[in-house]
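Q: Below are the structure tokens for one structure; questions will follow.
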Amino acid sequence: MKEERTVPKQPLAEQLHDSSTSLLRRYCLKTLGSTSLLRLVAYETAMLLFANIPGSAGYLLRKVFYGKLFAQAGRGVILGRGITLRHPGKMRFGSRVAIDDYVMLDASGTGEEGLTIGDDVIISRNCVIQGKTGPVSIGRRADIGCNVVLSSVSGLKVGEAVLIAGNCYLGGGRYFLDRIDQPVMDQGGFTRGPLSIGDGTWLGAGVIVLDGVSIGKGCVVGAGSVVTRDLPDYSIAVGLPAKVVQVRKGVPSV
């Protein structure tokens, strides 16, 4: 069993309602991670004027005005409508990244490593990509389906050319359960380490991968499976919990 590590994290309710600071300061820190008035004006202007403009005009305007909010944005980035950005100054995009409507990108807990998305990545509608208390890295040519949640507690890495079908959930934290005199949410959380998905892997629809799991390269995980343990390279795994049922051998050359 992997070593467990306590995750230091201030509850969201305390962050939002901390009376020791002003409402504006709380908003700036939660949204931008900065109290810079210039950054606030740039962010608010971009969100107010361009977030929901339809068609090609919307794509062009968001590319120009959102791009100034990011640490890095490559060529040909496509940004859909209604995208939510938290701490965009920690986000780095490669070239030809396409992000569909109503995606949430949250880099607030990613630290210095931030949230990195490689070249030619596609992120479909309604996804949540969130660095709670760890960085997020998505490799080039990854294709992420609708309604996927990537939640990094101790680091989350998606390799190159990874295919993630709709409604998958990767990561998230774990709560201590030792006390019965307190709600679970008040007992604090822990992690079993980073989560990683190897290059060329395919996760079927509705797959759940728990915090601390490492899936090797070229794996296939069947729809609806729950991955609780590491999977070696080229495994085919199914079930709850997921078990290896076959190993991909490849096709002999002619």
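Q: Taking region 111-134 only, how many residues are open to solvent by less than 30 Å² (accessible area, probe 1.4 Å) and farther than 19 Å from R81 by Cβ?
A: Going residue by residue through region 111-134, those that are open to solvent by less than 30 Å² (accessible area, probe 1.4 Å) are 114-115, 117-118, 121, 123-124, 127, 129, 131, 134.
This time we only want the ones that are farther than 19 Å from R81 by Cβ, so: 114-115, 118, 131, 134.
Summing the residues that are open to solvent by less than 30 Å² (accessible area, probe 1.4 Å) and farther than 19 Å from R81 by Cβ in region 111-134 gives 5.
Q: Considering region 17-49 alone, what residues qualify as being hydrophobic (A, V, I, L, M, F, W, C) and under 23 Å from G114 (Cβ atoms)?
A: Within region 17-49, the subset hydrophobic (A, V, I, L, M, F, W, C) is 23-24, 28-29, 32, 37-38, 40-42, 46-49.
Once the filter is applied, which keeps residues that are hydrophobic (A, V, I, L, M, F, W, C) and under 23 Å from G114 (Cβ atoms), region 17-49 yields C28, L29, L32, L37, L38, L40, V41, A42, A46, M47.
Q: Follow-up. Do you know which residues across region 59-82 are under 21 Å from L38 (Cα atoms) and crowded, with 17+ Cβ neighbours inside 10 Å? Working first, answer last.
A: The first filter runs over region 59-82 and keeps only residues under 21 Å from L38 (Cα atoms), leaving 61-73.
Residues satisfying the conditions are R62, F65, Y66, L69, F70, A73.
Q: For region 138-248, which strands (runs of 3 or more DSSP E) that fit wholly inside it have 2 or more residues that are out of contact with any His (no Cβ under 9 Å at 6 or more places or on another chain) and open to solvent by 80 Å² or more (accessible area, probe 1.4 Å)?
A: Details: elements: 149-152, 156-158, 169-171, 189-191, 195-197, 208-210, 235-239, 242-247.
In region 138-248, 242-247 are the strands (runs of 3 or more DSSP E) which contain 2 or more residues that are out of contact with any His (no Cβ under 9 Å at 6 or more places or on another chain) and open to solvent by 80 Å² or more (accessible area, probe 1.4 Å).
Q: Here's a check for you: in region 90-110, which residue that is within 12 Å of the chain's Cα centre (by Cα) and among the small types (G, A, S) is least open to solvent (accessible area, probe 1.4 Å)? Talk me through it step by step, then tell me what you get.
A: Applying the first criterion (within 12 Å of the chain's Cα centre (by Cα)) to region 90-110 yields 91, 103-110.
Checking the rest, the ones that are also among the small types (G, A, S) come to 107-109.
Numbers: A107: 0, S108: 37, G109: 19 Å².
Step by step, filter region 90-110, then rank; the result is A107.
Q: Residue check: is S137 within 25 Å of H87 (Cβ to Cβ), of a type in the set (S, T, Y) and under 12 Å from the mean Cα position of the chain (by Cα)?
A: Numbers: within 25 Å of H87 (Cβ to Cβ): yes; of a type in the set (S, T, Y): yes; under 12 Å from the mean Cα position of the chain (by Cα): yes.
It is true that S137 is within 25 Å of H87 (Cβ to Cβ), of a type in the set (S, T, Y) and under 12 Å from the mean Cα position of the chain (by Cα).
Q: Among the residues of region 112-137, what is the count of those that are closer than 20 Å to V213 by Cβ, small (G, A, S) and part of a loop (DSSP other than H, G, I, E, B)?
A: Result for region 112-137: 1.
Q: Just name the residue that is most open to solvent (accessible area, probe 1.4 Å) out of those in region 29-58 that are within 22 Å of S151 (Cα to Cα) and out of contact with any Gly (no Cβ under 8 Å at 6 or more places or on another chain). Steps first, please.
A: Residues of region 29-58 that are within 22 Å of S151 (Cα to Cα), as a first pass: 29-33.
Now narrow it down to the ones that are out of contact with any Gly (no Cβ under 8 Å at 6 or more places or on another chain): 29-31.
Numbers: L29: 71, K30: 50, T31: 15 Å².
Across region 29-58, the extreme among qualifying residues is L29.
Q: Can we say A107 is in contact with a helix residue (DSSP H, G or I) (Cβ under 6 Å, 6 or more places away or on another chain) and on the phi < 0 side of the Ramachandran plot? Walk me through it before giving the result.
A: Numbers: in contact with a helix residue (DSSP H, G or I) (Cβ under 6 Å, 6 or more places away or on another chain): yes; on the phi < 0 side of the Ramachandran plot: yes.
Taking the combined requirement at face value, the residue satisfies it.
The values are calculated or read from the model by the stated rules, or taken from the named source; none is laboratory data. Fair warning: this is a prediction, and the values are worked out from it, not measured in the lab. A quick note on method: Cβ atoms are made from the backbone with ideal geometry, for glycine too, and the neighbour counts reach across all protein chains shown. Ligands, DNA and RNA are stripped out before the accessible areas are found, and what is left, the full protein with its side chains, is counted by its heavy atoms. Shrake-Rupley method; radii C 1.70, N 1.55, O 1.52, S 1.80 Å.
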